[in-house]
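Presented below is the structure to which this report refers.
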Amino acid sequence: MTEPAFRIHVHNAVADIGRDAWDACAAPSGDPFVSYDFLDACEASGSAVPREGWAGRHLALTDADGRVIGVMPLWLKGHSQGEYVFDHSWADAYERAGGAYYPKLLGAVPFTPVTGQRFLAHPDGDAAVVRQALLQGAVALTERLGVSSLHVTFPTREEWRAMGESGLLLRQDMQYVWRNGGYETFDDFLSALSSSRRKTIRRERREARAGLDIRTLTGVDITEVHWDAFFQFYMDTGGRKWGRPYLTRDFFSRLGATMADRIALVLAYRDGAPIAGALNLIGRDALYGRQWGALDDVPFLHFELCYYQAIDFAIARGLSRVEAGAQGEHKIARGYLPAPVYSAHWIADPALSAPVADYLERERPAVEAEIDAMTEELSPFRKNLG
């Protein structure tokens, strides 16, 4: 029996592949971040474009009839910013030794540390076969371009393991996730916590909301006026935190125009004027916290808008979890427990890949042990509930 005839095509923008072909492969995942509309908003808004160090090299896999049966978001990167899997030390070491680490290839969603499928298969195809063909295509493109490496960040655990079997180097890190224990109300969630944590969270919510009107908007209720306000918050906080925020104002308009029903925008008002906000995207079974910002320094407002309002929303929608993004051990005390996240790496030069492989062999068990220890020692849940 002959092998199916596949061809890999490289495209500079998801628009070159088209919404119908892309979403035929991406939509079954239920992940808003790999949707055509999200990725196109990144590119068309000028947020993820070559002049910003994000040059699209997206892969489309076609069958013998020329039908797209798989896609992969892939970027030629001139830096390591906006990735949340930190390889700066690898780059520094390689460049001190005389190598050129940049450009590199990155299989990821820009500016988005959210686990999701990176090898997207049409439901009529064999997902494992499509994944392997796309991975081989990405490695071949790395070699053809003569760049240092290929990195696939925040893949699913299944994809991660498959990439390891194909010889990629495996890395593990952690994020913090709130899981819905079948709660019907926020108080149900609180009842699962220790007495001291219940009291602390109630006090934080009371102080954060004092004198404020907090609204969660989705769908047609979100207008350009709301995006104007939120962009102010994003720029102020992003400028202080990162030095240079990644996303343009146009990105948010495009997101609102095409994905409003998958957005939960939380805004805090004082005397009718918005002072802070948090942006969440709604997946099939999860709420994903993304950006936040504030013009006023209100105690505990960050916790209220980003964590507690997200839990409220997830409970009301019957979502199984809230993923609150990168970093932040303080999330544990608010019910968000550590969970593993993954990345895989193919490095062309053995002089770099060998020491990286050795480092990752030691790092992975250390991360697993840290997740276990933090869950056991810092969990706010009553011990008899786990």
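Would you work out the relative contact order for the chain, in percent, from Cα pairs under 8 angstrom that are 6 or more residues apart?
Working: 706 pairs, mean separation 75.8, N = 386.
Value for the chain: 20 percent.
Work out, step by step, the length gained on full extension between Glu224 and Glu158: first 0.36 nm times the residue separation, then minus their alpha carbon distance; give nm to one decimal. Intermediate results must be reported in sequence, preceding the final value.
Numbers: separation 66, 0.36 × 66 = 23.76 nm, distance 3.95 nm.
Stretched fully, the Glu224-Glu158 segment lengthens by 19.8 nm.
With a cut-off of 8 Å between alpha carbons and a minimum separation of six or more residues, what is the relative contact order of segment 79-155 in percent?
This gives 40 percent for segment 79-155.
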Note to self: Between Ser148, Ser80, Ser195, where does the largest GNM mean-square fluctuation fall for the chain, given springs only between Cα atoms within less than 10 Å?
What the structure shows: Ser195
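What is the ratio of the Cα radius of gyration of segment 175-258 to 2.2 N^0.38 Å, with N the residue count, to two decimals? Walk me through the intermediate numbers first.
Working: Rg = 17.4 Å, N = 84, 2.2 N^0.38 = 11.8 Å.
Taking N as the residue count of segment 175-258, the ratio is 1.47.
Could you compute the FRET efficiency for Lys199 and Ala366, with r as their C-beta to C-beta distance and R0 at 41 Å, rounded to 0.05?
Plugging the Cβ-Cβ distance into 1/(1 + (r/R0)^6) gives 0.75.
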Notebook entry, point to check: Calculated FRET efficiency, Ser191 and His330, Cβ-Cβ r, R0 30 Å, to nearest 0.05?
Noted result: 0.85
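Which order results if Trp292, Trp22 are arranged by neighbouring Cβ count within 10 Å, fewest first?
On the way: Trp292 21, Trp22 26.
So the residues, fewest neighbours to most, are Trp292, Trp22.
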Margin query: Only four residue types carry charge here, +1 at the Cβ of Lys and Arg and -1 at the Cβ of Asp and Glu. Report the dipole size of segment 181-319 about the Cα centre in Debye, rounded to the nearest 20.
Written below: 440 debye
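What's the FRET efficiency of Ser166 with Asp271 using the Cβ-Cβ distance as r and R₀ = 51 Å, to the nearest 0.05? Kindly include the intermediate steps, with their values, before the conclusion.
Details: r = 58 Å, r/R0 = 1.14.
Calculated value: 0.30.
Contour minus end-to-end for Ala64 and Arg244, with contour as 0.36 nm per residue of separation and end-to-end as the Cα-Cα distance? Could the numbers behind the result be given before it?
Details: separation 180, 0.36 × 180 = 64.80 nm, distance 4.53 nm.
Contour length minus the Cα-Cα distance gives 60.3 nm.
For segment 181-319, compute the orientation-averaged projected area of the C-alpha convex hull (one quarter of its surface), in nm².
On the way: hull surface 34.7 nm².
Answer in nm², one decimal: 8.7.
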Next item on the list: Compute the convex hull volume of the Cα atoms of the chain, divide it by the residue count, and report the result per residue in Å³ as a whole number.
Entry: 151 Å³
Checklist line | Taking Leu301, Leu145, Leu352 and counting other C-beta atoms within 10 Å, the order from fewest to most | finding: Leu145, Leu352, Leu301
Next item on the list: Pull out the extension gain between Asp285 and Glu376, defined as 0.36 nm times the separation in residues minus the alpha carbon to alpha carbon distance; nm, one decimal.
Entry: 30.1 nm
Next item on the list: Provide the packing ranking of 367-374, 72-79, i.e. peptides ordered by the mean count of other C-beta atoms within 10 Å per residue, highest first.
Entry: 72-79, 367-374
Margin query: Which residues does the label zone of Ser89 cover in segment 156-176, counting backbone N under 20 Å from a point 7 Å along Cα→Cβ?
Written below: 169-175
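Let me know the number of lysine pairs in the chain closer than 21 Å at the Cα, not counting same-chain pairs under 8 apart. If you can, show how the numbers build up before the last one.
Working: Lys77/Lys104; Lys199/Lys331; Lys199/Lys383; Lys241/Lys331; Lys331/Lys383.
Taking the Cα cut-off of 21 Å, the pair count is 5.
Please state the relative contact order of segment 181-319 as a whole percent: Cα pairs under 8 Å, 6+ residues apart?
29 percent
None of the figures in this text is laboratory data; all of them are computed from the coordinates on show. Source: prediction; values computed, not measured. With ideal geometry, Cβ positions are generated from the backbone for all residues, glycine too; neighbour counts draw on all protein chains shown.
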